[in-house]
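What follows is calculated from the coordinates using simple rules that are stated; it is not laboratory data. This structure is a prediction, so every number in the text was calculated from the model and none was measured. For neighbour counting, all protein chains shown are included, and Cβ atoms are generated from backbone atoms with ideal geometry for every residue, glycine included.
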Amino acid sequence: MIRGSNMEVQIFGSGSKGNCYRLIAGGSPLLLEAGIPAREIQRLCGFRLNELVGCLVSHEHQDHSRAVKDLLKMGVDCYMSEGTARALGVSGHRVHIIRALEQLTIGEWTVKPFDAVHDAAEPLNFLLAHKSRVKAVYISDTAYCKYRFRGLTHVLIEVNYSLDILNEQISAGTVSVEQKKRLLKTHMSLETAKNFLLANDLSKVESIYLLHMSDNNADAERFKREIQALTGKMVFIA
């Protein structure tokens, strides 16, 4: 659990085994991703799923969507693209179809989805604003982000691998050339994350969260150290 001045970030899971985060600002707890078992989400939410204003799902891969069908049955509204809903085979009044660059309101949150670069049906990332002067961006499972943002207070960003570690793993035979090709096209590297951060307005940023690190191709402490030195901001490892 990590608390900023106006927002609390609860990390339920991050990485290839499952991604799930709860953002709390004001009276509107919002779930980001549903990639761990629903019962585990229920437990981590203190058995108060009814307090969630909704769950944003970036795409259909199981490490982001595993619990969607169960959450829907438990009464949680889930927001996703049409492509994601179709890939998951979900429908009904609790499935809300959202589109890139079309703003919507979920509880006290204003959400603007934007397109991600990933090998999924219609992947999205999210810009989230709350009336308590919170403006957060969530970027994960994307090779890069072409958008720029002003006035951010929190950055949640994938730093899946670094090129030098990835190349070392290929030389050692633990990662194949084909795996490297997929990573380059579908996940964000340390180098790309740094370029994104340098290209954006970080003047109001309170904290940066490093998400979805690879077990083999990342060095969490090094990534934290380098991004903290680059930005001068508080950096946390999910």
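Some observations on this one:
- Principal axis dimensions, region 37-92 - Cα atoms, whole angstrom, descending: 31, 21, 16
- Local electrostatic count at residue 45 - Lys and Arg +1, Asp and Glu -1, tallied over other residues with Cβ under 12 Å: +2
- In terms of surrounding Cβ atoms within a 10 Å radius of their Cβ, 80, 188, 234, 213 rank from fewest to most as 234, 213, 188, 80.
- Helix-only mean residue ellipticity at 222 nm for the chain, each DSSP H run of n ≥ 4 adding -39500 (n - 2.57), per residue, nearest 500: -7500 deg cm²/dmol
- Order of 140, 171, 14, 162 under a 10 Å beta carbon neighbour criterion, fewest first: 171, 162, 14, 140
- Those trypsin sites (Lys or Arg not before Pro) in region 26-75 that DSSP places in a loop and that have at most 14 other beta carbons within 10 Å: 48
- Among the GluC sites (Glu not before Pro) in region 45-132, those located in a DSSP loop and surrounded by at most 15 other Cβ atoms within 10 Å of their own Cβ are 102.
- In terms of overall dimensions, region 186-238 has a Cα radius of gyration and Dmax of 10.8, 33 angstrom.
- Summing charges over all other residues whose Cβ lies under 11 Å from the Cβ of residue 70, with Lys and Arg as +1 and Asp and Glu as -1, gives +3.
- Per-residue packing, averaged as other Cβ atoms within 10 Å, sorts the ranges 27-34, 148-155 into the order 27-34, 148-155, beginning with the highest.
- Three-way shape call for region 93-146 based on the alpha-carbon gyration tensor, with the a/c threshold at 1.5: oblate
- Counting Lys and Arg as +1 and Asp and Glu as -1 over every other residue whose Cβ lies under 12 Å from the Cβ of residue 106, the net charge comes to -1.
- Region 1-69 - Rg (one decimal) and Dmax (whole number), Cα, Å: 11.3, 34
- Residue order, fewest to most beta carbons within 10 Å, for 142, 231: 231, 142
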